[in-house]
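Read-outs: derived from the displayed coordinates by stated rules, not from any lab. Keep in mind that what you see is a predicted model, and the values were worked out from it rather than measured. Cβ atoms come from the backbone with ideal geometry, glycine included; neighbour counts cover every protein chain shown.
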């Protein structure tokens with residue numbers, strides 16, 4: 001039983017009217033806290049203007065590990081911020097750096113370009129989440145909205161206290177682009193009527209929306225002819241699957257038919273005509289070789305004396321989700337599927353290499369051990385990360401006859417996404433290894449976090465530690 005206290009009275013003692021009043025008060029407090037958080041985010045940005053960057057340098061995308069740079073995270077007219085400041089705020093809030101960057105960007109967009117909506121949020125008239133939805137749309141509009149265009153959106157949305165749905169917001173932004181002639185240089189705009197032609201076609205995989213049954217949602221907007229052709233192909237595929245014995249429902253068979261199309265429909269005419277980028281490589285059946293899609297599935301296994309026995313459920317690296325053994329067996333049953341079984345790697349073994357470069361066997365061990373970037377609350381898959389020497393490798397140690405302080409060994413390596421690798425290298429953030437796959441991070445303001453295979457845990461939250469010199 002969960003007990004909530006409302007003043008001196010426990011929940012069990014409250015009447016229905018009192019419980020409704022309590023719910024109303026809690027929701028009001030939640031909205032007030034969200035509005036206050038936007039204010040805090042904006043003030044945090046004020047404390048970290050580009051001038052706060054110690055090492056004045058121009059960041060170059062061509063450089064492997066660029067220094068901290070100023071970054072514009074909201075629309076035209078909003079102040080830029082020092083790039084790395086978002087990490088500290090994010091970790092304190094228990095969110096990723098990407099989410100913290102979005103929070104700060106929304107706060108600046110509202111305060112500087114949507115002032116009416118900002119005032120309504122701070123007055124409690126519009127929930128923060130509604131205002132942030134509008135800010136997200138005005139920040140990422142294509143083409144970009146000028147300050148005047150954003151203010152026009154602000155006026156329209158503010159007049160209805162932020163009560164606009166996604167479709168209404170899309171239409172409002174499109175009308176704003178037309179009204180302010182922002183599409184004049186757009187080659188897709190129609191000069192006859194001045195309306196911007198926005199191509200709605202897309203095919204989007206929602207990879208973060210993974211169902212517990214092991215499915216993902218795929219959404220598409222097609223040309224009419226393409227849509228009708230695809231519908232006929234799926235209907236035919238579904239009937240074919242039924243004819244060969246599938247007892248699945250129609251929708252499930254149509255879904256499976258779409259997967260079959262992805263594996264077997266390789267645009268024969270384009271390949272035959274020598275389409276740009278077509279390699280001309282053919283499989284044994286004469287069909288062009290489809291692009292290889294690599295999935296990494298991990299299952300516990302045991303040996304019963306005769307065969308290797310796999311557990312019924314495993315882990316899929318892609319999306320960090322559970323996967324059923326039956327599903328993998330089905331995937332492997334397709335004739336055009338390539339299956340590679342890799343040897344078991346002892347994740348606790350201490351592997352070493354003599355130089356700076358990290359051999360594949362050590363890289364794979366670190367990836368499997370840590371799974372994601374090891375910065376607090378970051379979820380970037382380790383396979384897409386840099387492998388960092390926790391204690392930096394000294395390239396001059398050998399020639400100068402000194403012991404190597406940062407050897408290439410399992411216990412001194414950790415995966416970090418490129419952004420957090422740069423953060424660690426060029427800021428006051430520091431971390432130590434306290435056990436196999438266990439890291440303790442210390443922020444520039446003295447906050448400490450433990451990161452291991454279970455996630456991130458705050459070690460302390462004290463804000464009383466003095467900031468490093470030059471840091472507010």
If I model a spin label as a point 7 Å beyond the Cα along the Cα-Cβ vector, how far apart are those points for residue 125 and residue 306 in nm? 7.7 nm
Output the peptides 255-261, 82-88 sorted from most to least packed, where packing is the average of other Cβ atoms within 10 Å over each peptide's residues. 82-88, 255-261
Report the label-to-label distance for residue 252 and residue 155 in nanometres (one decimal), using points 7 Å from each Cα along the Cα→Cβ vector. 5.6 nm
How much length would be gained if the chain were fully extended between residue 231 and residue 80, taking 0.36 nm per residue of separation minus their Cα-Cα distance, in nm to one decimal? 49.6 nm
Where a ≥ b ≥ c are the square roots of the eigenvalues of the C-alpha gyration tensor, would you call the stretch 16-179 rounded, which needs a/c under 1.5, or, failing that, prolate if a/b is larger than b/c, or oblate? oblate
Highest mean packing first, using Cβ neighbours within 10 angstrom, the peptides 148-155, 396-403 sort as 148-155, 396-403
Would you mind getting me the FRET efficiency between residue 384 and residue 222? Use the beta-carbon distance for r and R0 = 25 Å, nearest 0.05. 0.25
Contact order relative to length for the stretch 352-460, counting C-alpha pairs under 8 Å separated by 6 or more residues, stands in percent at 26 percent
